[in-house]
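Working notes, structure below.
The values are calculated or read from the model by the stated rules, or taken from the named source; none is laboratory data. Here the structure is a predicted model, which is why all the values come from computation and not from measurement. Heads up, the Cβs are rebuilt from the backbone with ideal geometry, glycines too, and the neighbour counts pull from every protein chain shown.
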Amino acid sequence: MSQNVVLSDFNKFDNATKEALVIIGNNIFLVSQYFDKLNFVLAILSIFINAFHVVILSRKPIISNVINVIMLGIAISDIVNLSYLIYQFIGTISESFNDECTVPQSSLITRLIWYAMIIKDDSRRLSTWLGVLMASLRYLIMKNALNPTFDFLSKPSSGWKSLATAFTISSLMSLFSLVRVDLISVVWVPPETCGYPTNFSMLAYGYATNDAFFSGAEIYNSFLFIDGVLKIIPAILLPILAALLIRELRKARKKVSASSQSNSDSTSKMVIIITITCICAEGPMGTSFVIEGLVNNVRTLRDMVIWFESIIQTFVILNATTHCFVCLRVSTPYRKAVKELLRYKESQKPITMNQKIGSASTVTQRQEDARIDG
């Protein structure tokens, strides 16, 4: 196994701790290499699934539901985030073929890569907080089902306004990453063995922290820590919202008679399931963000956390992939829209007199199944 972590990377620690960190760091790096490849394949598959998910959610009968409006925003954010992961993996592969003779990237390419990373950070944050927003909206709708004052929450316009507000706030936070750095350049001179003309040189571009913006390392570390806390808050809120939704669902089933339950039951179950899957994805990732901010002073420790994020990134990709299947399983309108899009028609068989008599005895059970499916 290649040694990407060595004892000299941890001069601040005692020898026993150094040896333990070297073993842990190298093993995390090795495992992360396999997960990077796995995540690349899963991300491609997830993009196709989410693209189909977006098409279904965009159909008129589906988009009239406020929860589906929020889910549309989540799906689009996931596609953007997954697209960057694919680009990042391809970029890493292409960089492995570079050598000392490879010309540096232009200022335009350098800027575009940085902007792409900011957009990825924006979409990642937006997807997470939209999950919290979706669960919160559903809880308020259920909690105030008999209060006309809260009827506006059930309208699609509330979903679109919520999406616009969340996108604006998240984008402003991402702009913080843009103003805290400056584009710098240095003169790149290739070795003579590369065969370039005499006195050939180019400018190599990169980004450096803006010293005028950050007066000290403590401020920068505080920024990383606060950013990590903001990313872990959803992991704290989502379990609470899931518990509240389950409680409201049970209360609604007790209050509403069995003959009058509606599609709201299936919508609530769909939101609860998606909320639970978000917990599994956001909990580990949010924790790693906080740790990354805490160990920023030790570069190798921070690298180890980033390698570990590649491993738990799998849960994020799987979470983004499951939304389509959850809707397909729980939501009857969603299944109907899928069948209409695929032009699927169930075969109809002639109904005999005996079948009519037999079906009359199972009406009650079918009604119960219909209510469960929503």
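Note on region 194-204: residues that are farther than 21 Å from residue 115 by Cβ and surrounded by 10 or more Cβ atoms within 10 Å (Cβ to Cβ) total 5. Looking only at region 166-193, residues that are in a helix (DSSP H, G or I), over 18 Å from the mean Cα position of the chain (by Cα) and within 24 Å of residue 117 (Cβ to Cβ) come to 6 in all. Pick from 93, 28, 63: which is among the β-branched types (Val, Ile, Thr) and either more than 25 Å from residue 300 (Cα to Cα) or in contact with a Pro (Cβ under 6 Å, 6 or more places away or on another chain) (or both)? From the options 93, 28, 63, the qualifying one is 63. Determine whether region 155-164 contains at least one residue that is surrounded by 14 or more Cβ atoms within 10 Å (Cβ to Cβ) and more than 24 Å from the chain's Cα centre (by Cα). Yes - at least one qualifying residue is present in region 155-164. Taken over region 9-19, the residue count meeting the criterion of being surrounded by 13 or more Cβ atoms within 10 Å (Cβ to Cβ), of a type in the set (A, V, I, L, M, F, W, C) and assigned to a helix (DSSP H, G or I) is 1. For residues that are touching a residue at least 24 places away in the same chain (Cβ under 8 Å) and of a type in the set (Phe, Trp, Tyr), tally how many sit in region 116-155. Within region 116-155, residues that are touching a residue at least 24 places away in the same chain (Cβ under 8 Å) and of a type in the set (Phe, Trp, Tyr) number 2. Once region 296-325 is narrowed to residues that are farther than 15 Å from residue 32 by Cβ and polar (S, T, N, Q), the residue that is surrounded by the most Cβ atoms within 10 Å (Cβ to Cβ) is 319. Scan region 67-98 residue by residue and report those that are under 16 Å from residue 117 (Cβ atoms), polar (S, T, N, Q) and out of contact with any helix residue (DSSP H, G or I) (no Cβ under 6 Å at 6 or more places or on another chain). Of everything in region 67-98, those that are under 16 Å from residue 117 (Cβ atoms), polar (S, T, N, Q) and out of contact with any helix residue (DSSP H, G or I) (no Cβ under 6 Å at 6 or more places or on another chain) turn out to be 83, 88, 92. Mind checking whether some residue in region 55-68 is touching a Ser or Thr at 6+ places or on another chain (Cβ under 8 Å) and in a helix (DSSP H, G or I)? Yes.
Is it fair to say residue 170 is surrounded by 16 or more Cβ atoms within 10 Å (Cβ to Cβ) and either aromatic (Phe, Trp, Tyr) or at pLDDT 90 or above (or both)?
no
The listed residues are 35, 48, and the only one of them that is over 15 Å from the mean Cα position of the chain (by Cα), farther than 16 Å from residue 328 by Cα and not β-branched (Val, Ile, Thr) turns out to be 35. In region 180-197, the residues that are in contact (Cβ under 8 Å) with a residue 40 or more places away in the chain and under 22 Å from residue 99 (Cα atoms) form Cβ pairs under 7 Å with partners that are among the hydroxyl-bearing types (Ser, Thr, Tyr) and loosely packed, with under 14 Cβ neighbours inside 10 Å, at six or more places apart or across chains, as follows: 188/201.
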